[in-house]
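**Q** Mind looking over this structure? Questions follow.
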Amino acid sequence: MNLSSLPELDRRQTQIAIESMLEKYRIFKTITFEAREASTTYSYTERFHGPTHVIADPTASLAAHNVDVPAARRAYCAAVESVVERLDSREQQLVRERYLRRDEVFDYTVYNHVFDPPISKDTYVKIRTRAFYKMALAFKELNMLSLGPMLKAASKTKKANTGVLSNIR
């Protein structure tokens, strides 16, 4: 990514994408992983004539699932936490209190009761917008998010036009 030209992102689309990632984080943190167990009783499976060339090892696939899924969940949560740690202190406070703690926290609760001194709604929106922009760029660098759907319409047409001009030359 060229640092001199940071992408212009649609504020609403960025908010939707980042909030869904933070919701996934909250779900991973609150809901425990249920390990799958191998069944010891075999059931009837219809077998057709002829070789299938398929070797099945259900115990190995269950063991791999029971190891891989929790590891992927831990890695996702660690990546989100590392991105949040790189934000400014007010942005960190906003994201942690509003999106990473509990489900019942509302915006007005955060800007009236969490921030000391309380801030206005407009200031809260500015801080949140700046934090989400930084988080979107960080998640893009970690290959956890694609910025394509979040680019502003003017930025998309500008890229399309430059692509057409470069193809003409």
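Just so it is clear, none of the values below were taken in a lab; they were calculated from the coordinates. Given the structure is predicted, the values throughout are model-derived calculations rather than measurements. No Cβ is skipped: glycine too gets one built from the backbone with ideal geometry, and neighbour counts run over all protein chains shown.
**Q** Going toward the positive end of the dipole of region 73-139, with +1 on Lys and Arg Cβ and -1 on Asp and Glu Cβ, which of Phe132, Gln92, Tyr76 do you reach last?
**A** Tyr76
**Q** If N is the number of residues in region 52-106, what value comes out of its Cα radius of gyration divided by 2.2 N^0.38 Å?
**A** Region 52-106 yields a ratio of 1.86.
**Q** Okay, next question. Lysines within cross-link reach of Lys152: Cα-Cα under 17 Å, excluding same-chain residues under 8 positions apart?
**A** Cross-link targets: Lys134, Lys140.
**Q** Applying a 10 Å radius around every beta-carbon, put 82-94, 57-69 in order of their mean neighbour count, most first.
**A** Order by mean packing, descending: 82-94, 57-69.
**Q** Right, here's the next one. Can you give me the long-range amide H partners of Leu151? Hydrogens built in the peptide plane at 1.01 Å from N, cutoff under 5 Å, separation of 5 or more residues or another chain.
**A** For Leu151, whose amide H was placed from the backbone, the distant partners under 5 Å are Asp10.
**Q** So for each of 108-115, 124-131 I average, over its residues, the number of other beta carbons within 10 Å; can you give me the resulting order with the highest mean first?
**A** Peptide ranking by packing, descending: 124-131, 108-115.
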